[in-house]
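The values are calculated or read from the model by the stated rules, or taken from the named source; none is laboratory data. Keep in mind it's a predicted model, so treat the numbers as computed, not measured. Heads up, the Cβs are rebuilt from the backbone with ideal geometry, glycines too, and the neighbour counts pull from every protein chain shown.
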Amino acid sequence: MLYVPDRAIAEDVAQETWLGVLEGLPRFEGRAALKTWIFRILTNRAKTRGQRESRSIPFSTFWDPEAEPAEPAVPAERFGAPDDPASPGHWALQPTAWNEMPEERFLARETLAQVQRAIEALPPSQREVITLRDLDGWTAEEVCNALELSETNQRVLLHRARAKVRRALESYFEEGK
Amino acid sequence: MGVTALTCRELVELVTDYLEGSLPPTERARFESHLEGCDNCRRYLDQMRQTIHLMGCLSEESLEPQVKTDLLKIFRDWKKR
């Protein structure tokens, strides 16, 4: 969904990729991990398709670390002000212990749906990185290779994405109290 | 030169670097010594670990039935060739 405008096209691309994988498998030389190889077929097809729909944008333009404003992992107002003599920069509004809540609630379907929604709401570059890393279990190195990202940028995207998903969960748990 | 202690606000920005194992040793030591004395930041780090754990539970997101049928059809047609 990063390279094409809508879900129907994305599904088309997924089908083309599947076919491309079936056709290409006999020529697969094992130089890259199989999943990286499949991912390349997928992104190449998506980019080609995206160009045809004239919507293709290179990954890097989704995210320019220089151009983006800083995104604190936790809003500044959660901490004491820097000039607060009692606790400068320390938690003013404290995080709660999630492991004290009943497991049924923590692992409930609705909790997972909240996580899913939070991920879907992320900017595309953050969504891509967090999906590959935390849902699909790719290593940082695999993600850097597949998305042509530097290690640092991969980490920044992951950091911002995880912080937002945590925040979404936190407000969901707070609401339900 | 004395090492200044991290504030909580600084620590939360280093959590990913910490979990990724990419903090230099001195930074890692600062991070861990702050954690030792700060229940709130330990709780924050736990929350982050739990968030990651929950995302791992999502990975088996199932395909919509129609999509699955389409993909299987492509596979069967391809095999016939």
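Hey, can you tell me all the residues within region B:1-54 that are more than 8 Å from chain A (Cβ to nearest Cβ), part of a helix (DSSP H, G or I) and polar (S, T, N, Q)?
Listed by number, the residues that qualify are B:Thr26, B:Ser33.
Hey, among A:Pro75, A:Pro85, which residue is at pLDDT 90 or above and closer than 26 Å to B:Gly37 by Cα? Walk me through how you get there before you give the answer.
Working: A:Pro85 fails: at pLDDT 90 or above.
So the residue among A:Pro75, A:Pro85 that is at pLDDT 90 or above and closer than 26 Å to B:Gly37 by Cα is A:Pro75.
Tell me which of these A:Arg166 doesn't satisfy, since it passes every other one: (1) among the charged types (D, E, K, R); (2) under 11 Å from the mean Cα position of the chain (by Cα); (3) within 7 Å of chain B (Cβ to nearest Cβ).
All conditions are met except number (2).
Do you know which residues across region A:77-95 are touching a residue at least 12 places away in the same chain (Cβ under 8 Å) and either surrounded by 14 or more Cβ atoms within 10 Å (Cβ to Cβ) or not in a loop (DSSP other than H, G, I, E, B) (or both)? Outline the logic, then answer.
Filtering region A:77-95 for residues touching a residue at least 12 places away in the same chain (Cβ under 8 Å) gives A:77-80, A:91-93, A:95.
Passing the criteria: A:Glu77, A:Arg78, A:Phe79, A:Gly80, A:Trp91, A:Ala92, A:Pro95.
Identify, from the list A:Ala108, A:Ala97, the residue that is aliphatic (A, V, I, L, M) and in contact with a Lys or Arg (Cβ under 6 Å, 6 or more places away or on another chain).
On the way: A:Ala108 fails: in contact with a Lys or Arg (Cβ under 6 Å, 6 or more places away or on another chain).
It is A:Ala97.
Just give me the residues in region B:44-59 being under 17 Å from A:Gln94 (Cβ atoms) and surrounded by fewer than 18 Cβ atoms within 10 Å (Cβ to Cβ), in sequence order.
If the condition is that a residue be under 17 Å from A:Gln94 (Cβ atoms) and surrounded by fewer than 18 Cβ atoms within 10 Å (Cβ to Cβ), then B:Asp46, B:Gln50 are the ones that fit.
Against the conditions (1) within 9 Å of another protein chain (Cβ to nearest Cβ); (2) at pLDDT below 95, where does B:Leu72 fall short? Just the number, please.
B:Leu72 satisfies every listed condition except (1).
Going by what's in this entry, would A:Leu112 be described as of a type in the set (A, V, I, L, M, F, W, C) and in contact with a strand residue (DSSP E or B) (Cβ under 9 Å, 6 or more places away or on another chain)?
Numbers: of a type in the set (A, V, I, L, M, F, W, C): yes; in contact with a strand residue (DSSP E or B) (Cβ under 9 Å, 6 or more places away or on another chain): no.
The answer is no for A:Leu112.
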